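Asker: Got a structure here, written out as structure tokens. Questions coming.
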């Protein structure tokens, strides 16, 4: 990959876009029940907007082809769904280990700790699925595709860029407290490892969505 001599504009663009899309992570918690269908649908709308803006910046900047959006990646393939299950399972196993270790030392994620039971009806399941899918695509497009590429073009090696963007990914989960941010950074590193192994946007986003969907159902006591 060609690296530009001046990393300033690349890093500035990355920072501005991150601030514009995830500034709410550093603001006081928004009102409402994060396990209600209405809140989840609002989260889906926010993340669809995020994904659309990231795609626009990618298209207007270097073009989709630069980021690997060749014809075969324009829509998910059966193999992408298979990899999504592998990714979700791996991330889930790591998250479980982190949760058990954190619990042993008294750490907890406030978002999950305050979860209420939600009725297992079609409105909740639909809203949770839609929100998870939107989050999966928004976060993977920005962090694992655009962010990773930006840091590499700024002069970082692949592993250093993956580590750095994983820390930024953790920071984007500020509403979940220190424990939540640390856990998110570690899970981000797992997603980055799959990205570095050659996985494209679809298996990453779908795996992310599947993991988030499972967490929502478990945290709300729906399963």
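The values are calculated or read from the model by the stated rules, or taken from the named source; none is laboratory data. In this text the structure is predicted, and so the values were computed from the model without any measurement. Note that each Cβ is placed from the backbone with ideal geometry, even for glycine, and that neighbours are counted across all protein chains shown.
Asker: How many residues are under 13 Å from the mean Cα position of the chain (by Cα) and either at positive phi or in a loop (DSSP other than H, G, I, E, B) (or both) when one looks only at the stretch 177-206?
Answerer: The qualifying residues number 0.
Asker: Moving on. What helices (runs of 4 or more DSSP H), lying completely within the stretch 67-169, carry at least 2 residues that are modelled with pLDDT of 95 or more and buried (at least 21 other Cβ atoms within 10 Å of the Cβ)?
Answerer: Counting at least 2 such residues, we get 78-104, 122-139, 148-153.
Asker: Something else now. Has the stretch 6-21 got at least one residue that is loosely packed, with under 13 Cβ neighbours inside 10 Å and either closer than 30 Å to residue 218 by Cα or modelled with pLDDT under 80 (or both)?
Answerer: no
Asker: On to the next question. Looking at the stretch 6-23 only, could you name the residues that are part of a helix (DSSP H, G or I) and free of Cβ contacts under 8 Å to residues at least 12 places away in the same chain? Let's see the steps before the verdict.
Answerer: Of all residues in the stretch 6-23, those part of a helix (DSSP H, G or I) come to 8-23.
Correct list: 8, 9, 12, 15, 16, 19, 23.
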